[in-house]
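*Asks:* Below are the structure tokens for one structure; questions will follow.
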Amino acid sequence: LISKLPDTGTTIFTVMSQLALEHNAINLGQGFPDFMMSEELIALVNAAMLQGHNQYAHMCGVPLLREKLAQKIQKLYNSDANAETQITITPGGTYAIYTALTSMLKKDDEVIVFEPAYDSYIPNITVNGAKPVLIQLQYPAYNIPWHKVHEKITAKTRAIIINSPHNPTGAVINESDIEQLKLIIQKHKNIFIVSDEVYEHLIFDDIAHLSILRYPELLERSFVCFSFGKTYHCTGWKIGYCIASPSLMHEFRKVHQFNCFSVNSFVQYALAEFLNNEDAYLSLSNFIQRKRDYFQNLMKTTKFRPLASHGSYFQCYSYKDLSDENDMEFAIRLTKEYGVTAIPLSSFYQNKRDDKVLRFCFAKKEGTLKEAAERLSRL
Ligand code: GLN
């Protein structure tokens, strides 16, 4: 059998969720909330189905939803992205990233990827015959070492993937990162940016999310990817969107139309209506920050040491003081013997770099977090 992805195994999220299930462990691994989403939004979905929105939606997404998104980003990021030519609704953020890369990459193109990297990026690149060029973020703050980026750019560099707030670390980019990006695309006219911003509304301590959408000169060369699942606590709905310059979006849609074609229509009508409720997304940062703080407080009773988390719904912990095992072994033992599942950070490095760090998802009910911390304090 000829494999296009000979080195790719099963995603760590599936592996760890399966293990959690087998051992009846509290799953703080895969990132998803365990609390109820908005019942108002569910009612809107029901209403949309009963109103008859049950046939194919527009290939690029329900026009009203795209219009509402254009209004939202205008207000939030002062962005002029055009609903008709620059926004496409997708079945999730990961799909948007995959489609962006697939629409642009040719064989042997190089793509700069920062590690730890969300685990879909590299297979998305290699399946297209392109090559990931890996740069490790600076442990433990996980900053971008820009001097290395400049060094690694070649005539073959076609793209750079950025992700803020960052999965798995919760790091966020700042103004100087934005300046560096501007410099790079000014200097290298063939490079485009894929910006994974699925945690845009999950950012703490009053830090402003520096969306690429704020910078017209960057958006001109970018695909910016978002997720409704993260914002509205419905990861199982698998719906997101991509915003790009008109010419990049034109290419994106060529791939999208022959892949999933269009996204379920009733959810789109419901979301269009729900976007009128600004508070639903503006209040999210506070809500989730309280969970981060609650979890951090509980974890003080354990020997795990927190790394900084400025955004996303993940918190990394070092277990250096607890064990010498590698992080995969330790995560497996934690599930089996203590009934708590987390994600080992080595899974986000091609060279399996092991800093003895685990990622915990704190988008959980207080009771879940309390029970998990209690179990972890027994170590
Ligand atoms: N984004 C989720 C996480 O980081 C996982 C999504 C998935 O399992 N594909 O945990």
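*Asks:* If you find the alpha carbon centre of region 180-227 and of region 266-324, how far apart are they in angstrom?
*Replies:* Using only Cα atoms, the two centres lie 22 Å from each other.
*Asks:* Among 209, 118, 157, pick out the residue whose Cα is farthest towards the positive end of the charge dipole of the chain, where Lys and Arg carry +1 and Asp and Glu carry -1 on C-beta, about the Cα centre.
*Replies:* 157
*Asks:* Can you pick out the pairs among 230/291; 187/230; 4/336; 72/365 whose Cα atoms lie more than 24 Å from each other? Display every interim value, and only then the final one.
*Replies:* On the way: 230/291 15 Å; 187/230 34 Å; 4/336 34 Å; 72/365 29 Å.
With Cα atoms farther than 24 Å apart: 187/230; 4/336; 72/365.
*Asks:* List the longest stretch of the chain that has no exposed loop site; here a site is one of the GluC sites (Glu not before Pro) assigned by DSSP to anything other than H, G, I, E or B, with at most 16 other Cβ within 10 Å.
*Replies:* Result, exposed sites excluded: 1-219.
*Asks:* Please report 56, 317 as a ranked list, fewest other C-beta atoms within 10 angstrom at the top and most at the bottom.
*Replies:* On the way: 56 10, 317 24.
Ascending number of Cβ neighbours within 10 Å: 56, 317.
*Asks:* Can you list the aspartates and glutamates whose alpha carbon is less than 16 Å from that of residue 370, not counting same-chain residues fewer than 8 positions off?
*Replies:* 34, 293
*Asks:* Treating cross-link reach as a plain straight distance, find the aspartates and glutamates whose alpha-carbon is under 16 Å from the alpha-carbon of residue 75, omitting any fewer than eight places away in the same chain.
*Replies:* 67, 200, 278, 279
*Asks:* Under 17 Å between alpha carbons, and skipping anything fewer than 8 positions from residue 106 in its own chain: which aspartates and glutamates qualify?
*Replies:* 251
*Asks:* Give me the dipole magnitude in Debye, nearest 20, for the chain about the Cα centre, with unit charges on the beta carbon: positive for Lys and Arg, negative for Asp and Glu. Display every interim value, and only then the final one.
*Replies:* Values: 39 positive and 40 negative charges, 112 e Å.
Charge dipole of the chain: 540 debye, to the nearest 20.
*Asks:* Shifting gears a bit: Can you compute 3J(HN,Hα) from phi for each residue in region 352-360, using the Karplus curve 6.51 cos²θ - 1.76 cosθ + 1.60 with θ = phi - 60°, rounded to whole Hz and x for Gly and Pro?
*Replies:* With coefficients 6.51, -1.76 and 1.60, one gets 6, 3, 10, 9, 6, 10, 10, 9, 10 Hz.
*Asks:* Taking every pair of alpha-carbon atoms in the chain, what share in percent sits in each 20 Å bin, from 0 to the bin with the longest distance?
*Replies:* Once binned at 20 Å, the Cα pair distances of the chain give 29, 59, 13.
*Asks:* Short version: ³J(HN,Hα) in whole Hz for each residue of region 152-164, in order, from phi by Karplus 6.51 cos²θ - 1.76 cosθ + 1.60 (θ = phi - 60°), x for Gly and Pro, what are they?
*Replies:* These are the phi-based 3J(HN,Hα) values: 8, 6, 10, 5, 8, 5, 10, 8, 9, 9, 10, 8, 8 Hz.
*Asks:* On to the next question. Picking from 13, 263, 55, whose Cα lies most toward the positive end of the charge dipole for the chain (charges on Cβ: Lys, Arg +1; Asp, Glu -1)?
*Replies:* 13
*Asks:* Right, next: Sticking with the crude label model, points 7 Å out along Cα→Cβ, report the distance from residue 303 to residue 152 in nm, one decimal please.
*Replies:* With each label point 7 Å from Cα toward Cβ, the separation is 3.5 nm.
*Asks:* Full extension from residue 5 to residue 258: what is 0.36 nm times the residue separation minus their Cα-Cα distance, to one decimal in nm?
*Replies:* Working: separation 253, 0.36 × 253 = 91.08 nm, distance 2.17 nm.
Answer, rounded to one decimal: 88.9 nm.
Only the coordinates and a few stated rules stand behind these numbers; no lab work does. Note that the coordinates shown come from a computational prediction; the quantities given were computed from them, not determined experimentally. Neighbour counts run over all protein chains shown; Cβ positions are idealised from the backbone, glycine included.
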